[in-house]
Every structure is written in C-alpha cells, then in structure tokens.
1. Measure nothing but the geometry: give the 0 to 90° angle between the long axis through the Cα atoms of 311-320 and the longest principal axis through the Cα atoms of the chain, rounded to 10°.
2. In the neighborhood of Leu98, defined by Cβ-to-Cβ distances under 13 Å, what is the net charge if each Lys or Arg adds +1 and each Asp or Glu adds -1?
3. If you place +1 on the Cβ of every Lys and Arg and -1 on the Cβ of every Asp and Glu, how big does the dipole about the Cα centre of the chain come out, in debye to the nearest 20?
4. Just to confirm the number: angle between the C-alpha axis of helix 389-398 and the first principal axis of the chain, 0 to 90 degrees, nearest 10?
5. What aspartates and glutamates does Lys319 reach when the alpha-carbon gap must be under 18 Å and sequence neighbours fewer than 8 apart in one chain are set aside?
6. Work out Dmax and Rg for the range 13-127 from the C-alpha atoms and quote the Rg first, both in angstrom.
7. Between helix 172-184 and the chain, what is the angle of the helix's C-alpha long axis to the longest principal axis, kept within 0 to 90° and rounded to the nearest 10?
Amino acid sequence: MNHFPLFADLRDRTAVVVGAGLVAERKITLLRAAGARVIVCAHAAHPQVLARAQAGEIELRLGEFDPALLDQAWLVVAATSDRAQNQQVADAAATRRLFCNVVDDPALSSVQVPAIVDRSPITIAIASGGAAPVIARRLRERIESMFDPALGALADLARRHRVRIRQARPHLRPRRDFYDWLLDGPVLGALRRGQPCQAEALLDQALATPNPPPKGKVLLVGAGPGDPGLLTLRGLRALNEADVILADRLVSPAVLALARRDAHVIDVGKAPGGPHATTQARIHALMVAHARQGRCVVRLKGGDPLVFGRGGEELQHLKRHGIAYEVVPGITAALACGAYAGIPLTHRNHAQSLTLATAQQQTGETVGSSCPDGADSRTQVYYMGVQRLPALRAQLLAAGHDPGLPCALVEHGSRPEQRTLHATLDTVVDAARRHAIQAPALLIVGATAALGMDLAWFGETLRTPSAHHPENIRPQAVA
Ligand code: SAH
C-alpha cells in the first residue's frame, strides 16, 4: 500500500485552493460538498468561481499567492496551470506539514483526491496512487452501477434509527439480520420510489415485531483450491455472515482474508499423519456447540466440501443432532488443477471418462484403478497422492497400465507457486522426488495429462525427458 486512505472531516475547516479555473472549480465543488470553508487565491477567476464568491460561498483573494495564507489551512489544493507556481504552493504546504494535492501531478502531491462514488453518508473512494487515474475512473463507473441510488437515503435512515435498532435488537446476530432485511427488503424499494414516509413506517413495524430467537446453523462451504477468485459468490456471502469459521489447513489465507473481520476463526486443520479421529471429533463437537448457541457457523473446506473432505460425515453428524445446515459447493482440486495446468480432463480423442479417486484409503492402503482392457481412454485423478505415490504407481502398473502412460503432478494448483511436473507412470516417482514435490498435489494419469505440456498457461511447467510430446499421444477411439 503506497497511500494510506483517510476520510477527512473538513466541516468548518479551511481549505486553501490556489488557482480559480475550471479545474479548481471542480475541486471547490467537492470541498464545499464536504462542508469545508474555502479560500481561493488566484490572479483571475473563472465566472463560476466569481459567482460563488459573490454569493458568499467562498472567499476569493485575487493577486499573488501569499504562503502566509496557508497558516489557516487544514488542506491545500494547487490547481493552477503553471507548474512552477504549483511547486511553490506544494513547498509552502510542506514547510507547514500540510497535505497538498496538486491536481494531475502525483509527483508534487502529498495527498491524492480519489475517484468517488457518493451515496452519502456512504462514500466509496478509489485511488491508484496517481499511477493509473483512468483505471480508477473506470472502476468508479462499475461501482456506480452496482449500488442502488437509494442506498444513501437508506444509510441515512439507518443512521437516524441506529439507537432504536440497537435497543430493539441488542444481540449482534439478529441486529445483522435486521440490517440485511433493510438492505434487501421493502424499505429500500420504498426509498427508491421516493416514499420516505412509507419506508419509516415499514421500519417501525419491523422494529415493533418481537425478536425471533436466533437459530444456529452450519454452512458447509467449499473454499476452492486457493485462488480467491475461484470462491463462489454464495461462498463469499457465507463468509460475510459467519459468526464462527472452522477452517481447514488447505484453505488459503487469501480466501480467509475475505471473511467478516469480527468472525471468530478457528483453525481445525489436520496435519497429514496427525490424529485424524480426535481432530474430526473436535470439529463435530465445535460445529454442534456453536450452532446450539444460535451462531452461524461456516465450516470452510478446501476445494469442494463433499469431495474427499469428510463433509458427508459432518452432515450426518449435524443431521443426527438436529442442526440446520446448508452446503455451498466449491471448485474441487481436480477441476482447478486441470484448468490451471491446461489439462483437459476429458477430450474427444483421448479420454471419454474421468475418475476421481483418493490414493489413501481410511485403512492407510493405497488403491490403484484396474485397467481391464489394457488400452486406456480415461483420465484418472488421484487426491492425497504425494506420500503414497510409490505405492500408487506400483498398484497402477500391477493393474496392467502402460509404464509409458502420461502423468502430471500439479502442486499448489491455482496458487501463485503452482508447479506442474510432467512425466510417465514409470518415471513419476523419481521425478517427484527430484523436484521435491510437496502436498497439496494432485496426480493426473492418462493421455490427456500430456496435453498440458502444450496448453499450460499458469505457473511453472517441469518436464522429465521421458515425458511424451503431446503430438505423439495416440488418439483413442472417438466416442
Ligand atoms: N475437498 C478437497 C480435497 C481434500 S483432500 C477438494 O475438493 O479439492 C486433500 C487433497 O486434495 C490434497 O492432498 C491434494 O491431493 C488435493 N488438493 C487440494 N487442493 C489442492 C491444490 N490447490 N493443488 C493440488 N492439489 C490439491
């Protein structure tokens, strides 16, 4: 962060603007909207600035810039077309340790004026540190279109009734539900239709309705493989409703950073080889205990919660204890690793089916899919494969798979540190050892794996000499 964002209270505080052209006039408008006392100093003034002075809205001093003028100021804006003059103003401000914005000159400015979306009392400011004002303006346009124009009126209504709302809904969770209702319900509609009295009446009516007892629930949410862009909108919403978040080890910090600031985050990660049963029992107990206290519990899991994540067992436990739940799917590692390593999981010429398997059974044994007819036209994806890789390879070979079958190991899929190792069934174990591939990593086995050598677009791609060139992959029967 190269600029620290602040919202300044300028009501009845003096801002000095040097320059009185149209550029200055735009800044004067903003400063006046924020309630600042504005003194404008310039050799000559644009008619609009003159008119303001005549109306007594601003104080206009025509003539040379006098640095002593800044002694009264909280904020300085230099908006002349003369850079030397702007520099002089910036220097005079710096001597007095006053923040100074020089319009369209980030090098001379000690403070930036952001692009603004105004839904007063809600203000959204976007700044690029002077690096790309055009991008900031484009973002502003987008944000403008996202928020209802009546949002300002709604925030104002909420401000006026804040104390009453707090009294009527003393507990945080019902109060948040009430604010959600304000945002999503009929009050905003009434304000949009220009019926503020009806909006007030609706709010009164809702506040008079007794507080429903808080109902706890558990949301089983898939956090996706790591890239926060792969979290679903429903997942994001759940993270913002959560009172308590029980997060797995695989959940990336970038996803957790999107959660409500005051949510209580509990790390319930299971280290591989650790005492799984105890940890799982603790997770079950935490979910039930927090939900029974009326809290919204988000059980956040890497990838999809119902793919190799013991999510099914957790739902059964909740069901047995009569706790309400919802499930929000996530992008599972197989889909993410396929996409981010440029490996199509099915392909008309190479793979007509796809299996997702785990290299680790509950008993600790590895599984290897049998290959009944020798010719394999499917893609097999193995989760939790790093530690069990040698055993898995042996099992796949014993099941009749060709040692030359292409394999790809995708490590930290979709994260900035992603590495994809291309090898064959024969060489994959040695290659993984040589490149020190770590968990989490996913093994993709089948002809399609080799296509990633050509189609890769993200992260680092490692090839072993034995890896097939994609052009040499023999097409399989077309379905
Ligand atoms: N529920 C998760 C899977 C949990 S099992 C999902 O749907 O993705 C944990 C295994 O998933 C890891 O051992 C690894 O094989 C795989 N995995 C999860 N995230 C991964 C990632 N970002 N890159 C590669 N593999 C990943």
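1. 80 degrees
2. Values: positive: Arg13, Arg96, Arg97; negative: Asp71, Asp91.
Around Leu98, the charge tally is +1.
3. Working: 53 positive and 43 negative charges, 301 e Å.
The dipole of the chain has a size of about 1440 debye.
4. Approximately 40 degrees, to the nearest 10.
5. Correct list for Lys319: empty, as no aspartates and glutamates qualify.
6. Cα-based Rg and Dmax for the range 13-127 come out at 13.4, 38 Å.
7. So the inclination is approximately 70 degrees.
FYI, it's all coordinate maths here, none of it is from the lab. Keep in mind it's a predicted model, so treat the numbers as computed, not measured. Here Cβ is always computed from backbone atoms with ideal geometry, including for glycine, and neighbour counts include all displayed protein chains.
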